[in-house]
1. Just the residues that are more than 17 Å from residue 327 (Cα to Cα) and part of a helix (DSSP H, G or I), please, taken from region 125-135.
2. Can you tell me which residue among 264, 283 is out of contact with any strand residue (DSSP E or B) (no Cβ under 8 Å at 6 or more places or on another chain) and farther than 30 Å from residue 24 by Cα?
3. For region 1-88, list the strands (runs of 3 or more DSSP E) that sit wholly inside it and hold at least 2 residues that are in contact (Cβ under 8 Å) with a residue 12 or more places away in the chain and crowded, with 17+ Cβ neighbours inside 10 Å; which are they?
4. Among the residues of region 292-303, count how many are buried (at least 19 other Cβ atoms within 10 Å of the Cβ) and either at pLDDT 90 or above or in a loop (DSSP other than H, G, I, E, B) (or both).
5. Just a yes or no: is a residue in region 90-112 surrounded by fewer than 19 Cβ atoms within 10 Å (Cβ to Cβ), over 23 Å from the mean Cα position of the chain (by Cα), more than 30 Å from residue 33 (Cβ to Cβ) and modelled with pLDDT of 90 or more?
6. When region 310-333 is examined, which residues are found to be without any contact (Cβ under 8 Å) to a residue 40 or more places away in the chain, within 18 Å of residue 124 (Cβ to Cβ) and assigned to a helix (DSSP H, G or I)?
7. Residues in region 310-321: is at least one within 20 Å of the chain's Cα centre (by Cα) and assigned by TED's automatic domain parsing to the domain that holds residue 138?
8. Just to verify a result, which residue in region 136-160, among those that are modelled with pLDDT of 95 or more and assigned to a loop (DSSP other than H, G, I, E, B), is nearest to the chain's Cα centre (by Cα)?
């Protein structure tokens with residue numbers, strides 16, 4: 001486990017440093033000021049993501065699918081963030097829209113490769129607490145699965161810690177440089193949140209709605225409990241279907257956020273454990289047959305594999321420690337786990353300690369990121 005902290009650059013109230021092998025940028029001020037700090041600190045990484053996106057020019061026409069009304073997000077605060085980035089990064093708003101949408105740019109590659117059993121290209125997660133862990137506190141692990149080509153920009157993967165001056169909660173997010181939509185995050189109240197595609201449960205898309213990835217920012221900027229997360233998910237209508245795993249120090253829930261009119265389903269779980277992949281487990285819900293596709297790397301099999309690995313510990317009377325969950329996440333689909341060729345990075349959240357542990361595909365060791373001070377309203381790096 002790499003626990004080193006290496007200080008780096010500064011820009012106004014913003015700073016850039018490394019926790020282990022993972023870059024971190026800490027931003028403070030108005031949304032535009034935070035954008036200016038980000039653009040100044042992240043120029044090199046932004047350039048690398050832009051060059052990577054431009055290698056697939058046929059996908060540029062899809063840019064903008066995550067926003068509305070010609071804006072990157074369609075929500076003023078995030079569009080202001082990007083306006084600030086444009087002022088200091090050397091990239092135009094149009095170029096930043098491409099950087100932000102880098103995964104959308106490559107969607108055609110996903111369609112071509114989705115039937116490769118080792119390129120599952122989705123995500124999986126395993127949450128453990130209560131009787132499953134040594135101290136009863138939550139350990140929440142997630143595999144982020146996408147196209148293996150993205151290994152080329154793994155060194156741009158950055159944790160962004162935002163301290164908005166508008167009174168919102170501080171929020172940390174992990175994603176590609178310049179791609180600030182919310183897929184893995186945590187707020188100052190220790191609410192952890194991660195997103196898995198739910199395309200096998202409900203493939204409908206409603207582009208006229210604000211995209212889920214921006215609404216998840218809104219949730220973390222305000223959430224103080226799992227109940228508040230559920231209330232927000234019940235209030236916001238999804239533009240596409242996802243599984244939203246969320247947890248606090250002591251427990252976790254998985255919400256099946258679909259595009260229908262009624263509230264999202266709270267996925268069935270055992271007392272102290274749940275696993276999730278890319279289909280819904282609510283009784284009576286009809287998933288696409290594709291959820292069973294590709295044998296050991298299917299959505300159903302990856303979820304079952306994570307449950308089975310956790311139960312092996314539980315049935316033997318062993319409690320699962322951090323190192324055990326690292327091992328579970330690293331177990332390949334071919335060996336009875338859920339890690340596939342497209343697993344680009346892995347995150348374990350320990351909200352009780354305000355810690356994340358992160359490992360990318362091209363790294364041998366996990367890095368610890370301690371948020372104890374980083375996510376305090378007036379904190380500095382410990």
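1. 130, 131
2. Values: 264 fails: out of contact with any strand residue (DSSP E or B) (no Cβ under 8 Å at 6 or more places or on another chain).
From the options 264, 283, the qualifying one is 283.
3. Working: elements: 5-11, 14-19, 22-29.
By residue number, 14-19, 22-29.
4. Count: 6.
5. Within region 90-112, not a single residue is surrounded by fewer than 19 Cβ atoms within 10 Å (Cβ to Cβ), over 23 Å from the mean Cα position of the chain (by Cα), more than 30 Å from residue 33 (Cβ to Cβ) and modelled with pLDDT of 90 or more.
6. Filtering region 310-333 for residues without any contact (Cβ under 8 Å) to a residue 40 or more places away in the chain gives 311-312, 315-318, 323-324, 327, 330-332.
Applying the additional criterion that residues be within 18 Å of residue 124 (Cβ to Cβ) yields 311-312, 324, 327, 330-332.
Those that are without any contact (Cβ under 8 Å) to a residue 40 or more places away in the chain, within 18 Å of residue 124 (Cβ to Cβ) and assigned to a helix (DSSP H, G or I): 311, 312, 324, 327, 330.
7. Looking only at region 310-321, we keep the residues that are within 20 Å of the chain's Cα centre (by Cα), and these are none.
The answer is no, given that none of the residues of region 310-321 is within 20 Å of the chain's Cα centre (by Cα) and assigned by TED's automatic domain parsing to the domain that holds residue 138.
8. Among those that are modelled with pLDDT of 95 or more and assigned to a loop (DSSP other than H, G, I, E, B), it is 157.
The values are calculated or read from the model by the stated rules, or taken from the named source; none is laboratory data. Note that the structure is a prediction, hence the values are computed from the model and not measured. Note that we place each Cβ from the backbone using ideal geometry, even for glycine, and neighbour counts take in every protein chain shown.
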